[in-house]
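Scroll down for the structure; my scribbles are underneath it.
The values are calculated or read from the model by the stated rules, or taken from the named source; none is laboratory data. Here the structure is a predicted model, which is why all the values come from computation and not from measurement. All Cβ positions, even for glycine, are placed from backbone atoms using ideal geometry, and neighbour counts span all protein chains on display.
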Amino acid sequence: MIRRLAAAALLCLTAGAAQAVECRNEVFEGLEFALCEVDPAAEDLRLFLNDEDGQLLGSFDAVDKADAGSALVFAMNAGMYHRDRSPVGLYLEEGEQAMRLVTNPGPGNFGLLPNGVFCIGEGSARVIESLAYEAEAPDCRYATQSGPMLVIDGALHPRFLPDSTSRHIRNGVGTTASGDRAVFVMSNQPVTFHEFGRLFRDGLGLPQALYFDGNISRLYAPALGRRDIGFAMGPIVGVMAPLDPPGAGG
């Protein structure tokens, strides 16, 4: 059962921005999480990696400044990357592929199969297991691959252990079957994979969920007082909102 903390639901608003993303802190099974819900049909959900000159963006501040007519209203790191911040797996931006799909097992959490792809399409956003993505070849405007999958068709990843003692800060995304709702989550305290997966499956009722990363995870959610800083990131997911023209609103 999920319990919302004080202030119920907050809107992630940036001064002058015309859109909003609902962000809130919630408690599930005694563990606290920060959640931001996005309607991909109504909001400008994108992935970010490099600027127009091919230089790494790497930070929420750089993403916010990348589009002069828009403001960043929500963001988090979105997928694993190498030391040079290049994506480990599939990465698409505006339909252009920067890195191919990786389906073979490998080291680390990314190689803990099944892993998956977060696909942003026309008015929808879906988490898709990597082999299913390869077979389906969905039309994604943006896509980022990460791993492991947290929830696959309503089932927890088969390698997750209920009695695991490996706890870390974790972040990820879950989606509805239709792709009309995406919930981005970051734990506010160290959690196991099993606990994190149960939040998406049992607490949020989402049939598909994907792990993004662990202790390097960061969140930009101004309404929650979150503007996390740190070392440069690779892929970033975020929502941009158009700035109101000067003098708008009276």
Selection from region 172-196 of residues that are polar (S, T, N, Q) and buried (at least 24 other Cβ atoms within 10 Å of the Cβ): THR175
Residue in region 97-106 that is free of Cβ contacts under 8 Å to residues at least 40 places away in the same chain, of a type outside the set (A, V, I, L, M), surrounded by fewer than 19 Cβ atoms within 10 Å (Cβ to Cβ) and in contact with a Pro (Cβ under 6 Å, 6 or more places away or on another chain) present: no
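Matching residues to (1) at pLDDT 95 or above; (2) β-branched (Val, Ile, Thr); (3) more than 17 Å from the chain's Cα centre (by Cα):
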| position | (1), (2), (3) |
| --- | --- |
| ALA75 | yes, no, no |
| ARG83 | yes, no, yes |
| GLN97 | yes, no, yes |
| THR103 | yes, yes, yes |
| ILE120 | yes, yes, no |
| ARG126 | yes, no, no |
Residues (at pLDDT 95 or above, of a type in the set (A, V, I, L, M) and over 11 Å from the mean Cα position of the chain (by Cα)) located in region 208-228: ALA221, LEU224
Scope region 166-207; condition in a strand (DSSP E or B) and under 13 Å from the mean Cα position of the chain (by Cα); matching residues: ASN171, GLY172, VAL173, GLY174, THR175, ALA182, VAL183, PHE184, VAL185, MET186, SER187
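This table checks each residue for (1) aromatic (Phe, Trp, Tyr); (2) within 19 Å of TYR211 (Cα to Cα); (3) in contact with an Asp or Glu (Cβ under 8 Å, 6 or more places away or on another chain).
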{"position": "GLU26", "(1), (2), (3)": "no, yes, yes"}
{"position": "LEU31", "(1), (2), (3)": "no, yes, yes"}
{"position": "GLU43", "(1), (2), (3)": "no, no, no"}
{"position": "ASP84", "(1), (2), (3)": "no, no, no"}
{"position": "GLY95", "(1), (2), (3)": "no, no, no"}
{"position": "GLY106", "(1), (2), (3)": "no, yes, no"}
{"position": "GLY116", "(1), (2), (3)": "no, yes, yes"}
Residue list for region 210-232, filter: within 23 Å of THR175 (Cα to Cα) and in contact with a Lys or Arg (Cβ under 7 Å, 6 or more places away or on another chain): TYR211, GLY214, SER217, LEU219, TYR220
Number of positions in region 156-170 that are surrounded by fewer than 24 Cβ atoms within 10 Å (Cβ to Cβ) and touching a residue at least 40 places away in the same chain (Cβ under 8 Å): 5
Residue check, PRO107 part of a loop (DSSP other than H, G, I, E, B) and under 20 Å from VAL185 (Cβ atoms): no
Unique residue being of a type in the set (A, V, I, L, M), in contact with a helix residue (DSSP H, G or I) (Cβ under 7 Å, 6 or more places away or on another chain), crowded, with 21+ Cβ neighbours inside 10 Å and farther than 22 Å from VAL102 by Cβ when the list is LEU199, LEU150, LEU206, LEU219: LEU206
